[in-house]
Amino acid sequence: MTDHTDAAATKWSQILTVPEFVELRRRRRRVTTTLGVIAIALFASFLVGFAFFPDVLGDNSVFGIPLSLWVVFSQFAGTWVLVYAYFRLSRSYIQPAVDAAVAAIEQRDQERVA
Amino acid sequence: MTGEIDYLAIAVCAAVISLTLWVTFAAARRSRSATGFFAAGRSITGWQNGFAIAGEFISAGSFLGTTGLIFYKGVDGAVILCTSVISFLPVLFLLAEKMRNVGKYTLADVLVFRTGARRVRVVVALSTIATGTFVLLAQLVAAGVLLESVSGIPFALSVTVAGSLMGIYVFVGGMLATTRVQVIKSSILAVLAIVVGLGVLSQFGFSFPGVLSSATEHAVSGDAVLTPGLIFGETGALNLISYALAFALGTAGMAHILIRFFTVPEASTARKSLGWTVALCSMFYLIVIVMGFGAMAVLGDSGADRVGVSGNLTAPVLVTELGGGAGTIGGSIALALVAAVAFASIVAVVAGVVISAAGTFAHDVWPTLTRRPESPAGDPDMGREAAAAAIAQKDAKDAKIARIGAVGFSILAILLTMAIGDSTNITYFMGMAFMVAASAHLPSLLLSLNWRRFNSTGAVWGVLTGLISTIVSLMFTEALWLGSGPAPLTIQLPVIITLPLGLAACIIGSLVAERRQRTDLADEKFAEMIVRAETGIGAELAEAH
């Protein structure tokens, strides 16, 4: 049991320092932070509008629809854009890093076995 | 809506029930193994899981309650809709893929990955079951009230039928049957919503501004329905912010939503499924907005008298009108379809909650009650194959206990619903569920997946603080205040207080116990979890069929 634990102890924490894995975490953090900040800004704009500018939103219209409803619709549209952006970045930016990290870890394991 | 028995509505409901029971029994064969029962063999495709999450998420309250809310309160009623759609963003960015890679059957599996602490399992199970109970009671009360008013089926019978069905779905077909029932519900709901939305718009030359113009002429509150403030104007900005946050963040802590990510074969499918969910929920919620304003416009000045004070009958009255009016064949068919969809909505939601609660009971609570060892593969002398067999045997036993738990949970829910009766404010039960999810589960989950110093003490403190502070703070709100004079809290859903408390308890608990609990092994488990969450190495595999 001790041997197994010791072996595992070296294995996982060492993987955290594999350059491909570090790059994967960096990319994912970059994507989620950027999109997360945009999502917070989107949500905050809705809250600020509804809480502090209700009359402006109710009294003004664009294409016959009041700004209040445009703000509501903007939350839907903003969500779609963010979901699309995340999907696209996941495919083109994060997934290659996942594949590279998995390949590097497998290669590392094979070398250890050899 | 006259209180008399509507046989057409009952017949359509019976047809929907027959369809769901057929798919349930068809799924039974594939639900015998533990993975089959708890996670549908991890074989659910992206669109199926997306539809199922939407089916789990869109309750009868969204369909009937929110339409009524917009009918009376205008644009303020749409706040819950747009925050609900946004609520999938934190799930997508922070949880979906990692949950799939790290978890197995329950929410607690993710939280105990690093520590294996049984007390964390028990505490998370407690709050998961509490959340599930709030949702179940809200849905079953809604089933009783709505079916009684729409089809004339008595409250007690409606509750018994809905409660029994959820037990049967889970007992017989497990997660696979539950998923299929939710997919059927979402599909029917989507079709009906599109038809109703087009029906409303067609009355005004497919012009939404035309709908709004007519709506303000007939609305109870006139032009004010287009200006924010009819709900949140009197209670202030803090109430709006807290209310919106409860729904925007609560989804990311809802156990019965999160365990759906264990049913797909890989992390990328979990991600894709959320795309389907966002698309379906967005479409449906946009149509609900059209229906709410459309009801003002179509029903005219007598609308308020016809939909009642609560507004829950707005959608049924609207579709009856669009079908040709009360007493006509078209109106009766339209009403029957709404009754069937409302019923399908309720049974799909409650089935999802029951399998989540039953799985939690069997997997997290029962082993503690029976003092069963945490891991049957813990014997160091046991070989890898023997260890896997022991785990499979334990999981199979858990599935059997979960089936029995589902039946017990269903009976308990039916009895509790009968006891609290039809005058209960169901909105608060749903609000409580979202608050517990946001305050107790979300901070623990996020810290567990990202913070190295997080430990079991932090998890226990955080979950308990989130759960208790939610219940206590709600007692000081207007809806539940029993003292004399006005309620101390003017906030409807005080998640703005309880979420920081839950988060602070997680952090303080972790720091207090850090010296005792932080070991090299704990750091190693954190590293293992990070690698698994990011790459899927070591994640649970899909079952071969």
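If you find the alpha carbon centre of region B:40-112 and of region A:7-65, how far apart are they in angstrom?
18 Å
How much length is gained if the chain between A:Asp55 and A:Ala85 is pulled fully straight, taking 0.36 nm per residue apart and subtracting their Cα-Cα distance, in nm to one decimal?
Length gained between A:Asp55 and A:Ala85: 7.5 nm.
Within chain B, what is the longest stretch that has no trypsin sites (Lys or Arg not before Pro) placed in a DSSP loop and near at most 12 other beta-carbon atoms within 10 Å?
B:33-370
Taking the C-alpha atoms of chain A, how large are the radius of gyration and the largest Cα-Cα span, Dmax, in Å?
When restricted to Cα atoms, chain A yields Rg and Dmax of 23.2, 74 Å.
Can you give the helix-only mean residue ellipticity at 222 nm for chain B, where every DSSP H stretch with n ≥ 4 adds -39500 (n - 2.57) and the sum goes over all residues, rounded to the nearest 500 deg cm²/dmol?
-22000 deg cm²/dmol
Among A:Phe21, A:Pro96, A:Gly58, flag the residue with its Cα farthest along the positive direction of the charge dipole of region A:1-111, charges on Cβ as +1 for Lys/Arg and -1 for Asp/Glu.
A:Gly58
What does the extension gain come out to for B:Thr519 and B:Arg32, with contour length at 0.36 nm per residue minus their alpha carbon separation?
171.4 nm
What is the order of B:Cys82, B:Cys281, fewest Cβ neighbours within 10 Å to most?
Listing B:Cys82, B:Cys281 from fewest to most nearby Cβ atoms yields B:Cys281, B:Cys82.
Over the Cα atoms of region B:225-373, what radius of gyration and what Dmax do you get, in Å?
Over region B:225-373's Cα set, Rg and Dmax evaluate to 20.9, 67 Å.
Using just the C-alpha positions of the protein assembly as shown as equal point scatterers, what log10 of I(q)/I(0) does the Debye formula give at each q in 0.07, 0.08, 0.11 1/Å?
-0.44, -0.58, -1.10
Once both axes come from the Cα atoms, what is the angle between helix B:384-420 and the longest principal axis of chain B, in degrees from 0 to 90, rounded to 10?
On a 0 to 90 degree scale, this one is about 30.
Calculate, for B:Ala14 and A:Ala114, the FRET efficiency according to 1/(1 + (r/R0)^6) with r their C-beta to C-beta distance and R0 56 Å; round to the nearest 0.05.
0.25
Give me the Debye-computed log₁₀ of I(q)/I(0) at q = 0.14, 0.17, 0.21 Å⁻¹ for region B:443-531, equal point scatterers on Cα only, no solvent, two decimals.
Values returned for q = 0.14, 0.17, 0.21 Å⁻¹ are -0.56, -0.71, -0.90.
What FRET efficiency would be calculated for the residue pair B:Glu217, A:Trp70, taking the C-beta separation as r and a Förster radius of 22 Å, to the nearest 0.05?
Efficiency computed from Cβ-Cβ geometry: 0.55.
Past the 35 angstrom mark, what percentage of all C-alpha to C-alpha distances in chain B do you count?
In whole percent, the long-distance tail amounts to 34.
Between A:Ala77 and B:Leu541, what is the label-point separation in nm under the 7 Å Cα-to-beta-carbon projection?
If labels sit at B:Leu541 and A:Ala77, their model points lie 4.8 nm apart.
What translational diffusion coefficient, to the nearest whole µm²/s, does region B:136-276 have by Stokes-Einstein, given a Kirkwood radius computed over alpha-carbon pairs, a temperature of 25 °C and 0.890 mPa s viscosity?
Value of D from the Cα-based Kirkwood radius: 126 µm²/s.
Considering only lysines 8 or more places apart in sequence, or on different chains, count the pairs in the protein assembly as shown whose C-alpha atoms sit under 19 Å apart.
So the count of such lysine pairs works out to 7.
No value in this document is a laboratory result; all are computed from the given coordinates. This is a predicted model, so every value here is computed, not measured. With ideal geometry, Cβ positions are generated from the backbone for all residues, glycine too; neighbour counts draw on all protein chains shown.
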